[in-house]
Amino acid sequence: MAIAAAAAAMLVPASAFAVNRFTSGVTAGEVTSTSAIVWARADHQASVRAQVATDGAFQHVVRSRVLQASDSNDDTVQTIFGQLNPNTTYHYRFCFLSGSPCSSLGRFLTAPSPSTPKTIRFAYSGGETGVAQPGHTNPFWGNFKAFGSMVAEHNNFNIDFGDTIYSDPEVPGANTATTVRQKWNMYLKKLAIPNMQSIRSTTGLYNHWDDHEFINDFSIPENGRPLYDRGVRAFRNYEPVTFSQDRGIYRTVRWGKNLQLFFLDERSFRSAKASANHVCDNPDTGQPDLAPTAPQSTRNVFAAVVPSLAQPVSQACKDKINSPGRSFLGGAQLTRFVNDVKSSSARWKVVMNETPIQQFYALPYDRWEGYATERVRLLRALQTANVDHLAFLTTDTHAGLANVVRYRTLQNDVAPSNAPSTVPSNTPYQDFVIGPVGTRPFWQEIDMATGGTGNGKLISNAFFKPPPPNGMGMACAQGGQNSYAEVTVTGSTLRVAYKDENGNILMDSDGTTPCGPYVLTH
């Protein structure tokens with residue numbers, strides 16, 4: 001028996017016993033109809049060959065390139081391969097030139113050509129940290145089960161949309177990452193989680209930043225260009241993305257006849273928040289007011305739970321929020337996006353939007369509502385150009401929220417001068433907010449901000465769900481669960497299915513009513 005076992009062992013390739021030296025997995029990003037960026041991380045400085053093939057056995061290698069893993073990039077390697085065929089599945093891997101074992105295999109599907117009327121399926125979510133509480137080994141906010149469920153959907157591609165790390169993790173005792181190397185370490189922590197590696201390797205994955213790749217509620221005017229540059233460098237090392245100084249990570253990708261994606265960069269070009277320099281501090285709390293644009297009558301109702309809302313908002317705060325001189329996207333990006341979406345011939349235009357564009361008044365400073373004039377300016381530009389069959393897909397808020405995008409929702413709210421006088425005033429666009437994957441959920445954040453357990457869920461049930469004139473009329477207001485959205489795009493419909501991290505239908509704030517699915521028709 002011993003001789004037989006030894007003989008059998010001799011028949012197994014030596015590489016089968018070798019240690020995996022690409023322990024962070026592989027990924028393919030920025031997939032188009034003819035190209036993709038492939039990525040890996042070696043365990044030491046070395047020359048590495050990237051290969052793309054049309055078969056999993058790599059008998060038909062169609063692209064190959066030698067790359068150098070170096071300390072300056074934390075031993076990550078990536079390259080863009082072009083001249084690929086549309087609507088084709090490719091396999092890829094990385095191998096050391098020294099003859100050591102190759103990486104695990106990845107695959108991706110290239111987009112169909114713009115004339116191909118193919119049904120497209122993808123999922124999106126965001127907001128994940130792999131950080132453990134000091135003295136523990138397991139990630140504090142879980143093992144990214146939502147990503148595992150997204151893999152099980154067998155989509156054409158997926159999107160990891162914003163807060164791909166938390167430089168300032170919402171984990172007791174954890175340190176804040178401000179240097180490039182500290183941020184690299186945050187990426188490495190999440191890449192040790194199997195569900196994270198799986199979502200990155202099983203099909204193409206688009207990556208996008210929000211604020212926590214830099215710091216919470218980041219803007220360059222408030223937090224500085226050096227922190228931005230460090231965040232950009234670390235992100236680009238670990239998350240394949242198309243970046244330039246003048247465009248940031250704004251880009252658009254066509255997926256056949258039915259779908260065009262538009263990725264907005266809402267960090268690189270924005271003005272400082274209205275709350276900067278304590279302009280919007282509430283006199284009772286010394287902190288930014290919790291609902292500065294809500295009507296005082298609405299504030300008074302909720303003052304029974306949050307007493308600081310009884311205090312009137314200063315005119316200086318209102319003026320700052322509505323100032324036409326402040327920008328969210330920056331003038332060049334705003335113009336570029338409007339022109340791109342106007343010229344799109346796709347049946348559906350899907351805007352990947354870092355922060356909610358729907359209105360809900362609570363803590364508006366970091367999102368579109370906090371830049372009120374530009375928010376209205378964009379929505380008017382889209383409507384004036386008769387841009388139809390457009391939807392916003394959003395993360396950031398750590399909640400499942402779904403609603404029509406309105407210019408204004410409540411009478412006597414604080415509105416910019418370019419907003420309509422009619423209240424409520426709807427646009428033809430919907431905003432679908434989902435997440436997180438693994439961090440503190442929205443209801444817990446509201447409880448902490450207001451100092452009362454259960455206030456987050458109360459706001460969902462008493463304010464987000466009721467229709468105007470008393471509430472927001474949200475179709476979904478679930479703020480207590482990890483979640484993702486599964487999107488199916490055909491020539492006639494765009495379907496958004498909200499799901500919990502286990503892949504089940506996400507239930508609304510009452511715990512019994514399903515959130516969706518939501519179907520838009522052409």
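Per-residue extension of 0.36 nm, minus the Cα-Cα distance of ASN386 and VAL62, leaves a gain of 112.3 nm for this segment.
Taking other C-beta atoms within 10 Å as the exposure proxy, LYS342, LYS349 rank LYS342, LYS349 from fewest upward. Under 16 Å Cα-Cα from LYS465, which lysines qualify once same-chain neighbours fewer than 8 residues away are excluded? By straight Cα distance, LYS465 reaches LYS457. Each Cα pair under 8 Å and six or more residues apart adds its sequence gap; the mean of these over the residue count of the chain is a relative contact order of 13 percent.
Full extension of the chain between ASN277 and GLN245 yields a length gain of 8.8 nm, computed as 0.36 nm times the residue separation minus the alpha carbon distance. Take every DSSP beta bridge with both residues inside segment 120-521 and express the antiparallel ones as a percent of the total, to the nearest 5. That works out to approximately 60 percent antiparallel. Label separation (SER70 vs THR89): 3.7 nm, computed from points 7 Å beyond Cα along the C-beta direction.
Along the Cα-to-C-beta direction of HIS522, a point sits 7 Å from the Cα; which residues of segment 236-279 have their amide N less than 12 Å from that point? Counting only backbone N, you get 256-260. Using only Cα atoms and rounding to the nearest 10 degrees, what angle (0 to 90) does helix 180-191 make with the longest principal axis of the chain? Around 80 degrees separate the two axes. Ranked by the mean number of other Cβ atoms within 10 Å of their residues, highest first, the peptides 360-367, 101-108, 330-337 come out as 360-367, 101-108, 330-337. Spacing of the modelled spin labels on ALA332 and THR137, each 7 Å from Cα toward Cβ, amounts to 4.9 nm. Ranking of ASP217, ASP284, ASP71 by neighbouring Cβ atoms within 10 Å, starting from the fewest: ASP71, ASP284, ASP217. Estimated at 0.36 nm per residue, the fully extended path between THR422 and ASN216 surpasses their Cα-Cα distance by 70.7 nm. Taking the DSSP beta bridges in segment 89-204 as the whole, what percent of them are antiparallel, to the nearest 5? If I count the DSSP bridges inside segment 89-204, around 55 percent turn out antiparallel.
Straight-line reach from LYS273: taking Cα to Cα under 12 Å and skipping same-chain neighbours fewer than 8 places apart, the aspartates and glutamates in range are ASP217, GLU222, ASP366, GLU369. Here the label points at SER323 and THR179, each 7 Å from Cα along the C-beta direction, are separated by 3.5 nm in the simple model.
Output the 0 to 90 degree angle, nearest 10, between the alpha-carbon long axis of helix 372-384 and the longest principal axis computed from the alpha carbons of the chain. Relative to the chain, helix 372-384 is tipped by roughly 80 degrees. Under a cut-off of 19 Å between alpha-carbon atoms, report the lysines in cross-link reach of LYS349, not counting same-chain residues fewer than 8 places apart. Cross-link targets: LYS118, LYS257. Each of HIS389, HIS60, HIS212 was scored by other Cβ atoms within 10 Å of its Cβ. Arranged with the fewest first, they read HIS60, HIS389, HIS212.
Readers should treat all values here as calculations from the given coordinates under stated rules, not as data from a laboratory. From a predicted model like this one, the values you see are computed outputs, not experimental measurements. Virtual Cβ from ideal backbone geometry, glycine too; neighbours counted across all protein chains shown.
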